[in-house]
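So the structure is just underneath, and the comments pick up after that.
The values are calculated or read from the model by the stated rules, or taken from the named source; none is laboratory data. Here the structure is a predicted model, which is why all the values come from computation and not from measurement. For neighbour counting, all protein chains shown are included, and Cβ atoms are generated from backbone atoms with ideal geometry for every residue, glycine included. Heads up: the accessible areas ignore ligands, DNA and RNA and are worked out on the full protein's heavy atoms, side chains in. Shrake-Rupley method; radii C 1.70, N 1.55, O 1.52, S 1.80 Å.
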Amino acid sequence: MKVAIYPGSFDPITLGHMNIIRRAASVFDAVVICVMVNSSKHPMFSAPERVELIKKVVEDLPNVEVEQSSGLLAEYARSKGKCVIIKGLRAMSDFEKEFQMAMINKKLNPLLDTMFLSSDSEYMYLSSSVVRELARYGRDLREFVPEIIIPYIERKMKNGG
Ligand code: PNS
């Protein structure tokens, strides 16, 4: 079994994330999306809410599952057995941070490799923070996130974001 873990904040999941998930799901036997804590971010959605939103949009992908962890990625990956980490790279600005994370994770868990998928060009600019910003201004989000989750984002905004 070739297993990939796709970790992230997913606050909320975007079409850019979906693009990486679909491409990873076509290469690996199983993809585990793991909603994790990024200590430099204050999420809009709680971790269980993010898991629920992601589950709604990966329903059609039978080899994709969604979990959450509040621990270290390297430890989480160890608990999964033989696997690799998948990360999406948009621009050079992502590279520095992601390369550092890949090395830290390898240091903590020497068997753990990180593989990078380059973002498809139409998603190079897209991030969850852009989505949150646009949502705050009430912009149409259909080009940026799976349509099914838009009402949840709008409701969260109405309740103070
Ligand atoms: O989508 P993000 O916010 O860029 O994802 C970053 C994330 C959540 C994958 C990263 O912060 C992470 O791995 N968090 C878990 C804790 C950890 O292992 N940190 C790296 C070692 S210091």
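For the stretch 4-39, a residue qualifies if it is within 10 Å of the ligand (Cβ to nearest atom) and part of a strand (DSSP E or B), and the qualifying residues are I5, Y6, P7, G8, C34, V35. Could you grab me the full set of residues in the stretch 92-102 that are open to solvent by 50 Å² or more (accessible area, probe 1.4 Å) and either within 10 Å of the ligand (Cβ to nearest atom) or within 15 Å of the chain's Cα centre (by Cα) (or both)? Within the stretch 92-102, K97, Q100, M101 qualify. From E122, E143, which residue is open to solvent by 100 Å² or more (accessible area, probe 1.4 Å), of a type in the set (D, E) and part of a loop (DSSP other than H, G, I, E, B)? Only one candidate passes the filter, namely E143.
Of the residues contained in the stretch 104-115, one or more are found to be assigned to a loop (DSSP other than H, G, I, E, B), within 11 Å of the ligand (Cβ to nearest atom) and out of contact with any Gly (no Cβ under 8 Å at 6 or more places or on another chain). For the subset of the stretch 125-140 comprising residues that are closer than 20 Å to S9 by Cβ and of a type in the set (D, E, K, R), which member is most open to solvent (accessible area, probe 1.4 Å)? Across the stretch 125-140, the extreme among qualifying residues is R136. For the stretch 28-44, how many residues meet the condition of being open to solvent by 10 Å² or more (accessible area, probe 1.4 Å) and in contact (Cβ under 8 Å) with a residue 24 or more places away in the chain? Summing the residues that are open to solvent by 10 Å² or more (accessible area, probe 1.4 Å) and in contact (Cβ under 8 Å) with a residue 24 or more places away in the chain in the stretch 28-44 gives 9. Identify, please: which residue in the stretch 83-121 is in contact with a helix residue (DSSP H, G or I) (Cβ under 7 Å, 6 or more places away or on another chain) and hydroxyl-bearing (S, T, Y) and is, among those, modelled with the lowest pLDDT? The qualifying residue modelled with the lowest pLDDT is S119. Pairing each residue of the stretch 146-161 that is surrounded by fewer than 16 Cβ atoms within 10 Å (Cβ to Cβ) with any residue that is among the β-branched types (V, I, T), provided the two are 6+ apart or on different chains, yields C-beta distances under 9 Å for I148/V57. Residues of the stretch 45-65 that are within 15 Å of the ligand (Cβ to nearest atom) and open to solvent by less than 20 Å² (accessible area, probe 1.4 Å): F45, R50, V51, L53, I54. Listed by first and then second residue, the pairs linking a residue in the stretch 68-81 that is open to solvent by 90 Å² or more (accessible area, probe 1.4 Å) to a residue that is within 11 Å of the ligand (Cβ to nearest atom) and not small (G, A, S), with Cβ atoms under 6 Å apart and 6 or more places separating them unless they lie on different chains, are Q68/V35; S70/V37; R78/N109.
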